[in-house]
Every structure is written in structure tokens, then in C-alpha cells.
Amino acid sequence: MRPQRPSGIDDDGSAALEFIAVGVILLVPLIYLVITLGAIQEQALGAEAAARHIARVIARAPDAEVAADRSDAVLAGIVDEYGLDPDAVDLSLACTPPAVECPSAGATIIVTVATRVRLPLVPDLFGLDRSTAIPIQAEAVQKVSRSWGAE
């Protein structure tokens, strides 16, 4: 025989219901967080790979025309491989010392790749997809040979 509670309320079976409710309330945001962090990580790795490989391709190219063609091909390959949005990828190239033509022999190339990560399941309604996007930027530095372009 069960002891009677003074209030007369029977709690039988409510623990399972509470566990399911709290579990769903905590599990859904946790799953969304994991998916979002995975998307951000993928885009960050893609931007970093693009910057590093483009800097290397430009530094090893025989001249500026070949460097431009190869860097475009590398960027297109990385965009496809990592699922980057081609319209959101911004590539910039700078050289040091600033007085030299970029790229040129003996210069140090600084390649910057910037993109934006759209959050999963955010609708295109009212521009929410653009306003909630997370900016990602990666830089790579590569020294160009002093005999670059002499071949």
C-alpha cells in the first residue's frame, strides 16, 4: 500500500513526461548549434585553404598572367570543394613593400579571402539570411622568389 500524500496529487508517470519535454527543449538547440558550428568550420577551412593555396600558386607562377589564371582555377576548385558561395567570396591581394608592383620578384604577397557563412534554416525573408550571416576571413603570406618572372 502506498503512502498518501497530504495534498492528494498523484505524480505517477510525470517523470517520464518531464524528461521527454526537457530533453526535447535542450536537444533541439544543441543539434542546431552543432550544425551551425560545422558550417562555420567548413567555411573557415575553405577560406584558409583558398588563401594559402592562392598565395603559393602566385609565388610559384612564372609570370603575372599565369599567376592570375592559376589563382582563378584554385579559387574555383576550393569554392566547389568546400561549398563556399561564389558570390560571397572576396579575394584581395597586397604586396609588401607597398611601392612595388603586385606581384613582383622579391615581394611578399598577402592574400586575403573573405566570405560570409549563412546560418542554417534561416529564411530569405526580409533579408534575414544576409543580416545573420557570419563573416569569415583568412590571410596567407608568401615570399616571391627574386627570380620570379625572369623565365
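Readers should treat all values here as calculations from the given coordinates under stated rules, not as data from a laboratory. Keep in mind that this is a model prediction, so the values were computed, not measured. Neighbour counts run over all protein chains shown; Cβ positions are idealised from the backbone, glycine included.
Given H placed 1.01 Å from N in the peptide plane, which residues other than close sequence neighbours of Arg116 have an amide H under 5 Å from its amide H?
Under 5 Å from the amide H of Arg116: Ile136.
In the Gaussian network model of the chain, springs joining C-alpha atoms below 10 Å, which of Asp85, Asp124, Asp72 carries the largest mean-square fluctuation?
Highest fluctuation among the options: Asp124.
In whole Hz and in residue order, list the ³J(HN,Hα) couplings for segment 127-134 that follow from phi through the Karplus curve 6.51 cos²θ - 1.76 cosθ + 1.60, θ = phi - 60°; x for Gly and Pro.
x, 4, 5, 7, 6, 9, 5, 9
Hey, what do the phi angles of segment 31-41 turn into as Karplus ³J(HN,Hα) couplings, whole Hz, using 6.51/-1.76/1.60 and θ = phi - 60°, x for Gly and Pro?
Once θ is set to phi - 60°, the couplings for segment 31-41 become 5, 4, 4, 5, 5, 5, 5, x, 5, 5, 5 Hz.
Work through the residues other than Glu42 whose Cβ is under 15 Å from its Cβ and net out their charges, Lys, Arg +1 and Asp, Glu -1.
-2
Determine the calculated [θ] at 222 nm for the chain from helices alone, applying -39500 (n - 2.57) to every DSSP H run no shorter than 4 residues and normalising by the residue count; nearest 500 deg cm²/dmol.
Mean residue ellipticity, 222 nm, calculated: -16500 deg cm²/dmol.
At most 11 other Cβ atoms within 10 Å and a DSSP loop assignment: could you name the GluC sites (Glu not before Pro) in segment 62-136 that fit?
Passing both the DSSP loop test and the Cβ count: Glu101.
Could you point to the label whose value was computed as Rg and Dmax of the Cα atoms in Å for the structure here, given [x] 14.6, 45; [y] 14.5, 42; [z] 26.4, 97?
Entry [z].
Gaussian network model of the chain, Cα springs within a sub-10 Å range: biggest mean-square fluctuation belongs to which of Gly77, Gly38, Gly23?
Greatest mean-square fluctuation among the candidates belongs to Gly23.
I'd like to know how segment 48-131 sits against the 2.2 N^0.38 Å rule of thumb: what's its Cα Rg over that expected value?
Ratio of Rg to 2.2 N^0.38 Å for segment 48-131: 1.32.
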